[in-house]
Amino acid sequence: AQKTNPFYEEWWFLVVIALVGLIFILLLVFVLIIRGQSKKYAKKSDSGNGSKATALSHGEMVSLDEGSFPALELNNRRLSV
């Protein structure tokens, strides 16, 4: 009878674990970068909206389009008549 090593001692198992860990770390960094950029955009648009009178407040615009970025950008534009 041949004695086989358990799967967790095989070389391919360590490679798979390393790749899964790398993917997890990259995903975490990506999510943190996206959250940081969205907070920066929210601060920038809030400070720019203070002096102008609009028909909808910032909170109402977010609730109308459920917070999607392109709709917010379009709602903040001024159109000339």
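The values are calculated or read from the model by the stated rules, or taken from the named source; none is laboratory data. Since the model is a prediction, treat every value here as computed from it, not as a measurement. In case anyone asks, the SASA skips ligands and DNA or RNA and just uses the protein heavy atoms, side chains included. Shrake-Rupley method; radii C 1.70, N 1.55, O 1.52, S 1.80 Å.
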| Solvent exposure, largest accessible area first (probe 1.4 Å, DNA, RNA and ligands not counted), of Tyr8, Tyr41 | Tyr8, Tyr41
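From the protein chains alone at 1.4 Å, what is the descending order of accessible area for Val31, Val20, largest first? Working shown, then result.
Numbers: Val31 70, Val20 90 Å².
The ordering from most to least exposed comes out as Val20, Val31.
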| field | Per-residue ³J(HN,Hα) for segment 30-41, Karplus 6.51 cos²θ - 1.76 cosθ + 1.60, θ = phi - 60°, Hz, x for Gly and Pro | value | 4, 5, 5, 5, 5, 5, x, 5, 5, 5, 5, 5
